[in-house]
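Structure, as C-alpha cells:
What follows draws every value from the coordinates through simple rules; no lab data is involved. Since this is a predicted model, take the numbers as computed values, not measurements. Every residue, glycine as well, gets a Cβ built from its backbone with ideal geometry; the counts of neighbours run over all protein chains shown.
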Amino acid sequence: MKNRNMGLLIFLIPIGVAVNFVGGQIAVLLKLPLFLDTIGTFTIGAIAGPFAGILVGLLTCLSISITNPQSLFYVINFMLMGLLAGYLAKKGFFTTVPKTIGAGAIMGLIVGISGSLISYFLFNGFGVSGTGVLGGILMGSGVPVWASAFISNMSVDIIDKVPTALVAYLIIRNIPQKTLVKLPNGNVFLNAYKK
Amino acid sequence: MMDETFINSYRSPQLSKNWLLNLNPLNKINIYIALGLITLFFQHWQVNVVITLVFILLAVAAGCFKSFIGPFLKLGLVIGPFFFIVRAIFWPGENMIFNYGIINITQEGIDLGIQYATIMLVVCGILVLCTVTIKAEDLTYSLEKIGVPHNVSFMILSSLQLIIDLKDKTKVIMDSQRSRGIETEGNVFVRIKAFVPVLSPLFLGAISGAEEKTIAMDARAFSSANPNTHLRFLRPTPALEKILVILVDILILGLIILGVVL
Amino acid sequence: MSYIELKNVSYRYPLAEADALKNINYAFEEGKLYGIIGENGGGKTTFCDLIKGLIPSFYGGDLTGEVFIKGKEIREWESSALASTIGYIFQNPFTQISGIKETVFEEIALGLENLGVEREEIIDRVINVVKQLKIEHLVKNNPNKLSGGQRQRVAFASIIAMETDILVIDEPTSQLDPKGTSDIFEIIHLLKEQGKTILLVEHKIDLIAEYADEVLVIKQGELITNGKTSDVFSDVNLLNEGVNIPQIALLSNDMKEQGKPFDTFAITRSQAREQILKKGSEKICH
C-alpha cells in the first residue's frame, strides 16, 4: 500500500499558514517590536522540508494579501523563507540554539537581500511597511537610494528572523517524536536529539 | 423534514441573479488583472484613477458595492497615503519645494508618490474585488476543472478555515494565560516571554490534530486515486462569456499597445 | 472464511522499545459487534489502527504476522478500496470534520466525492443517512460551528454514507456529555441492526455489556481474554486486570456467592430486572 504520510504534509501546510497569521497577531496584541509572522513557514519548512515550506509561504502570501495587498509583490520572499528553512533544517541547523541563531541570521540576510532587491526595483527602494519610513529617513539624510533600501530591509529582517527561528526551534523541540518520525526532515531532529 | 429547495440547490449549478457574479472565477480574475495591467503601461496617475473607478463600477454592477467599498476604503486610505507620503517627503530630486532636516519635498517625489499611491489603489481594487465577487470554494472548483489536483483545493480552503479557528483559540489561550498569572503586559522582555506560552499550545495542538485529521480524511477516501466528483458545481462557461473575456483581453492588449506606441 | 483475521500479529512503533501488540490471533465474524476493552495505553487504539490499515503505512514501525480483511492481506489493499470497506470513527469530534465544507450536507458528501460517486447518488445517500441519524435540522449548518456532540454525529453520518461493511469505532463518546453519548449509541444500535460488523472501543462498560456480542480484553499488547460478552463479564477476576465490570455483573456474582444465583448470569439492567421479577414471582407462588 502507498505511504500515506503525504497526507500528513497536506494537513500541516494549512497549519503553517494559520500560525503565520496568529503569530503576527499575537505579536501585535503583545505590542512586540517584531513581526513574528513567519513562524509557521519556518517550523513547517524545517520539519516537512523545502517543498512544504515553499507552499506555506505561497499560501500565506496569497491570504495575507487580502488585508495587506503590498505583500503580494514579495511573494518570492515568502517562498524563499520556506525553501531556506527546509534546506537549512536538513543540514541540521535547527537542532541546537546556536545553530538556530545562525539559521535565523542566514535567513534574515538572504531574505533581506531579496526583499531589498524587490523594494529597489518595484518600489523605488521604499519598503512597504515601517521599513519604508526607515529607508525614507536614510534617503532624506543623503544616503543613496540603493543603500537605503538595503540597510532598511536587511536590518529589519535580521532583527525579526533570529527570534522567529528561535521560536520555531522551541516548537520543534516539543513536537512528539512519533510525529517527527513521519516527516521528511524528522530523522535529522531525531538523530540530533539522541546524542 | 428536510428543506427540498436546499437539496435541489445541489442539483443545478450555483448561480446568482447577477451576470457578473456568475462569470467563471478564473475569468473574473483574468478581467481584473488585465485591467490592472494597463497601469503598468501608461505612466499616468489619471489612468490609474480611471481604472480604480472602473473597479468601483464593477463592484456596483456585481451588486457588491456595500461589501466592496468598506474594505476598499479602509485599505486604500492607509496604503495610498503611505505610498504617497514616504515618496513625497523623502525621495531625492532636483526641483526642491521644501527642505527641513531630513524632510526633502521635491516635485519628483510628489509625482512619484501620486503615481505609486494610485497604482496601489488599483492593486487594492483588484484584491478587494476578488474577495467580494469570488467564493473560495468556487475558485478551487474552477481550478480543479482545469486540472489542479484536489489536494491544492484542500490546502487553500483548509488554510482559510484554520486562520479563523486559530484566531478564535488565540483569544481563549491569551485569556487563560493571563488568568494563570503569565504577564502579557509590562516591559518588552516580559511581553516577549509571554509570546511562546501563547503560541506554542496553539501550534502543537494543531500539529497533533493534523495527525488525527490525516487518519480521519483517509477514512473519507481522501487519498483515493479515482477522479473525484463534485456535489456543488458551477455552470460550464457559456460561449458568450468566453467571447466576452477574449474581447476584453484583446481590447486591453490594444490599449496597451496604443499606450506604448504613443 | 473469517471476515477479519489476525495471525500471529506483533507490532512495534518506530523508536519504541517494546511491542505495542504481541502475537495476536483472532478471527472476527461478519455482522457481530465486538467490544474491545482494557487499560489505557494497553494497545486498543493500536489494534484499531492496525485493522484500519494505518499500520504500517502511516505509522511505520515493524509489523509481523498477517492481517486479512475479507481474505486479502492488509498490505495488499489500496487505500481507497479500504476506505470503502472499513469506516473509522474516533474520539475527537473536532479533527474529524474536514474544515473545507460550508454545509453539513456537503461535509457528509465529501467521502463520496472522493470515491467518485455520481451527484444524484451522493444526494440520495446523504439524504438517507441524514434521515437515519435524525440530523435533518443540521444539514444547512456550517460544520465548523457545531457543538462536539453534533460534530460527532456528523462524523458518523459522513462515514456511514460511505456504506462500509466494517466499522471501527474508537471511544466515540469519551469527549461527549450524557445526551451526546446516548445519541451516539442510538446510532451504533442502528448500525448493528443493519448487520454491520463493528469493532467498538468504549470505556463505558455498561454500554459494552448491553451492545456487544463478543468482548476482547487487551492488556499490555496482549489479547488476554475473549469470548461471549456474558461469559467474559462473569469472571470477576477481570477486575485484577484493570478492567471494569458492569455493576449488574458484580451483583449477579454476589448473588451466586450468597448461594442464590440468578438462573442466567445477568450483565445488563434489563436482564437483572427480568431475573428479579421471576424470582419474586416464584417466592409468591411458594
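Brief remarks follow.
- Bins of 20 Å, starting at 0 and running to the largest distance - Cα pair percent for the protein assembly as shown: 15, 41, 31, 11, 3, 0, 0
- Assuming charge only on the beta carbon of Lys and Arg (+1) and of Asp and Glu (-1), the dipole of the stretch B:143-219 about its Cα centre is about 280 debye to the nearest 20.
- 4 °C / 1.567 mPa s Stokes-Einstein diffusion coefficient of chain A, Kirkwood radius on C-alpha pairs, µm²/s: 77 µm²/s
- Mean separation of Cα contacts under 8 Å (6+ apart) over length of chain A, as relative contact order %: 22 percent
- Cα centre as origin, Lys/Arg/Asp/Glu Cβ charges: the stretch B:169-262 dipole, Debye: 220 debye
- Chymotrypsin sites (Phe, Trp or Tyr not before Pro) restricted to DSSP loop in the stretch A:71-126 with at most 15 other C-beta within 10 Å: none
- Of all stretches in chain B that contain no GluC sites (Glu not before Pro) in a DSSP loop with at most 16 other Cβ atoms within 10 Å, the longest one is B:1-93.
- Of all aspartates and glutamates in the structure, those lying under 18 Å Cα to Cα from residue C:260, and not within fewer than 8 positions of it along the same chain, are C:235, C:274, C:282.
- Residue order for A:31, C:44, fewest other beta carbons within 10 angstrom first, comes to A:31, C:44.
- Of every Cα-Cα pair in the stretch C:4-234, the percent that sits beyond 28 Å: 30 percent
- Note that the stretch B:99-112 has calculated 3J(HN,Hα) couplings of 9, 8, x, 7, 7, 8, 8, 10, 4, 4, x, 5, 4, 4 Hz, one per residue in order, obtained from phi through the Karplus relation 6.51 cos²θ - 1.76 cosθ + 1.60 (θ = phi - 60°); glycine and proline are x.
- For the stretch B:48-139, the relative contact order comes to 35 percent (Cα pairs under 8 Å, sequence separation of at least 6).
- By the count of other C-beta atoms within 10 Å, a proxy for reagent exposure, A:37, A:157, C:165, C:254 are ordered fewest to most as C:254, C:165, A:37, A:157.
- At 1.306 mPa s and 10 °C, Stokes D of the stretch B:7-84 from Kirkwood alpha-carbon radius, µm² per second: 109 µm²/s
- From the Kirkwood radius over Cα pairs of the stretch B:1-142, Stokes-Einstein at 4 °C and 1.567 mPa s returns a whole-number translational diffusion coefficient of 75 µm²/s.
- Among the trypsin sites (Lys or Arg not before Pro) in the stretch B:174-262, those located in a DSSP loop and surrounded by at most 16 other Cβ atoms within 10 Å of their own Cβ are B:180.
- Among the listed pairs C:44/C:219; C:52/C:101; A:161/B:167, a Cα-Cα separation exceeding 19 Å is found for C:52/C:101; A:161/B:167.
- Which listed pairs, of C:204/C:279; C:204/C:278; C:7/C:32; C:179/C:256, have C-alpha distances above 23 Å, in listed order: C:204/C:279; C:204/C:278; C:179/C:256
- Average beta-carbon neighbours from other chains, 10 Å sphere, peptide A:109-122: 0
- Between B:78, B:139, C:51, the Cα set farthest toward the positive side of the dipole of the protein assembly as shown (charges on each charged residue's Cβ, about the Cα centre) is that of B:78.
- Reciprocal of mean inverse Cα separation for the stretch C:246-286 (Kirkwood radius, Å): 10.2 Å
- Other residues lying with their Cβ under 14 Å from the Cβ of residue B:195 contribute a combined charge of 0, Lys and Arg counting +1, Asp and Glu -1.
- Rounded to 5, the percent of DSSP beta bridges in the protein assembly as shown classed as antiparallel: 60 percent
- Distance histogram for the stretch C:1-109 (every C-alpha pair counted, 5 angstrom bins, percent rounded to whole numbers): 2, 10, 19, 22, 20, 13, 8, 5, 2, 0
- Peptide packing for C:134-147, A:98-111 was compared via the average number of neighbouring C-beta atoms within 10 Å per residue; ordered from the highest value, the list is A:98-111, C:134-147.
- Using C-alpha pairs below 8 Å separated by at least 6 residues, the relative contact order for chain C is 22 percent.
- Computed from Cα positions, the angle between helix C:148-160 and the longest principal axis of chain C comes to roughly 70 degrees.
- The mean number of Cβ atoms from other chains found within 10 Å of a Cβ in peptide B:85-96 is 5, as a whole number.
- Helix C:247-257 axis versus longest C-alpha principal axis of chain C: approximately 20°, rounded to the nearest ten.
- If the segment from residue B:148 to residue B:2 were pulled out straight at 0.36 nm per residue, it would be longer than the present Cα-Cα gap by 49.1 nm.
- Annotation: peptides A:23-29, A:39-45, ranked by per-residue average of other Cβ atoms within 10 Å with the highest first, follow the order A:39-45, A:23-29.
- Amide hydrogen proximity for residue C:167: with H placed 1.01 Å from N in the peptide plane, the residues at 5 or more positions away or on another chain lying under 5 Å are C:87, C:197, C:198, C:199.
- Counting only alpha carbon atoms, the long axis of helix C:104-115 and the longest principal axis of chain C meet at about 70°.
- Helices that extend 24 Å or more along their long axis by alpha-carbon positions and average at least 1.0 on the Kyte-Doolittle scale are, among the DSSP H runs of chain A, A:5-29, A:97-122, A:145-173.
- Under the shape rule built on the C-alpha gyration tensor, where the axes satisfy a ≥ b ≥ c, the stretch B:199-258 is oblate, since a/c reaches at least 1.5 while a/b does not exceed b/c.
- Across the stretch B:206-220, coupling constants 3J(HN,Hα) worked out from phi with the 6.51/-1.76/1.60 Karplus curve, θ = phi - 60°, read 5, 5, 5, x, 5, 5, 5, 5, 4, 5, 5, 6, 4, 5, 9 Hz, and Gly and Pro carry x.
- Within a straight-line Cα-Cα reach of under 18 Å, residue C:72 can be paired with the following aspartates and glutamates, leaving aside sequence neighbours fewer than 8 residues apart in one chain: C:5, C:29, C:30, C:49, C:165.
- Averaged over the residues of A:165-176, the number of partner chain Cβ atoms lying within 10 Å of the residue Cβ comes to 3.
- Entries in C:70/C:192; B:17/B:66; A:194/B:169; A:178/B:213 that, when Cα-Cα distance is taken, lie over 24 Å: A:194/B:169
- Residues residue C:29 and residue C:273, FRET efficiency given R0 of 41 Å [Cβ-Cβ distance, rounded to 0.05]: 0.85
- Estimated dipole of chain C in Debye, rounded to 20 [Cβ of Lys and Arg +1, of Asp and Glu -1, Cα centre]: 700 debye
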